[in-house]
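All remarks here apply to the structure that follows.
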Amino acid sequence: MQVNHIAQFHLAMILLPILQKTPNSRLVLQSSELHRPISDVKFNSLAELNTDIGPTKLYNRTKLAQILFMQALVRRAERGELGFKGASETGPWILSVHPGGVLTDQQGQAIEAYGTTAKLGVAAMKPLLKDPVDGGCRPALFAATHEDVVKDKLQGKYVRPMSFMWTLYQKLTLHLTMCRLCLTEKSKRYRVTAKMSR
Amino acid sequence: MCQIFLTWFIKQQQRAVNLVNSQVFVVTGGSAGIGFGIVAHLLQHAPEKIYLVSNKEEHAMEAQEELKKYGDVSKVEWKQCNLEDLNMTDKVAKELSKLDRLDTVSA
């Protein structure tokens, strides 16, 4: 929680004024689809956060925290409670991101936490995992740099990579949609397809 | 034929990274994995500066070496920070808050 969320939270809060000063700046929060398996969490005490709920749930909680942080910031920005107005016009654009299944040190950490079972699981999953430089960073890069975030006013959105079937469809039809966007299940649901400019 | 198509397709995807020229970035966990991927791609597009926030010096040095393939590595500045230590995180954050501009924080 400290590394995945609290430190990021603190860094983001200290840097928010500089982001606000820079037109159309971005705050990109690394989250994950793995935020979904957990919901019985209140974030209302240190004791709660320090209770060991197992490595998987602990991780899920950190990713949920990132999304809730994004939503809380956007809510407060819209109400003018962050000391500046107009975030939906000039930024900072606050988004969270799911990188996909990526081959990183995380698999090593799973093995550390779960031992042999994890070793087998990781070996099975490895061929399906993306390379962090080729694929894993793309949703974050989209959120961080693409002009469609400003053009389509994608404030408070959760960005995921295209699914494999969708990628296949794109390749076949020669569309160049980079990411599919949707709000998290904690609030409204709709989908936006972001077109990539040439 | 397939190879040509794939290369073209990947190039199209790379064009999606725009607006990076002369911008300032802060990327946590930038020495490995997804964070490194973000720094590598940003570096290809001539940013003003990328602050790579990570803890272990050897990882940062390795990352710096790898990043030479992607662009002008002098634009990447390592900010050592142990995110497990909130006091250290606070100190690094306050140093970075003295910047004139900040276009993206990847946390």
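Residues in the stretch B:43-79 that are of a type in the set (S, T, N, Q) and out of contact with any strand residue (DSSP E or B) (no Cβ under 8 Å at 6 or more places or on another chain): how many?
Step one: filter the stretch B:43-79 for residues of a type in the set (S, T, N, Q), giving B:44, B:54-55, B:64, B:74.
With the extra rule that they be out of contact with any strand residue (DSSP E or B) (no Cβ under 8 Å at 6 or more places or on another chain), the set shrinks to B:44, B:74.
Adding up the residues that qualify gives 2.
Tallying residues that are surrounded by 16 or more Cβ atoms within 10 Å (Cβ to Cβ) and of a type outside the set (A, V, I, L, M, F, W, C) within the stretch A:61-98 yields 9. If you go through the stretch B:40-79 and keep only what is crowded, with 21+ Cβ neighbours inside 10 Å, of a type outside the set (A, V, I, L, M) and more than 10 Å from B:Gly30 (Cβ to Cβ), you end up with B:His41, B:Pro47. Assessment of the stretch A:108-120 against the conditions (of a type outside the set (Asp, Glu), crowded, with 18+ Cβ neighbours inside 10 Å and touching a residue at least 60 places away in the same chain (Cβ under 8 Å)) yields no matching residue.
Within the stretch A:82-109, the set of residues being touching a Lys or Arg at 6+ places or on another chain (Cβ under 9 Å) and farther than 26 Å from A:Asp148 by Cα comprises A:Leu103, A:Gln107.
Of the residues examined, B:Val39 is not one that is more than 20 Å from A:Asp131 (Cβ to Cβ), modelled with pLDDT of 95 or more, touching a strand residue (DSSP E or B) at 6+ places or on another chain (Cβ under 6 Å) and facing chain A (nearest Cβ under 10 Å). Could you look through the stretch A:79-113, keep only residues that are aliphatic (A, V, I, L, M) and within 9 Å of chain B (Cβ to nearest Cβ), and pick out the one that is nearest to A:Gly135 (Cα to Cα)? So, considering only residues that are aliphatic (A, V, I, L, M) and within 9 Å of chain B (Cβ to nearest Cβ), the one nearest to A:Gly135 (Cα to Cα) is A:Val102.
Selection of first residues in the stretch A:1-29 that are more than 7 Å from every other protein chain (Cβ to nearest Cβ) and of second residues that are assigned to a helix (DSSP H, G or I) and charged (D, E, K, R), restricted to Cβ pairs under 8 Å at least 6 apart or on distinct chains, gives the following pairs, ordered by first then second residue: A:Met1/A:Arg61; A:Asn4/A:Lys63.
The values are calculated or read from the model by the stated rules, or taken from the named source; none is laboratory data. Since we're looking at a predicted model, the values are computed, not measured. In this analysis, Cβ positions are derived from the backbone assuming ideal geometry, glycine residues included, and neighbour counts consider all displayed protein chains.
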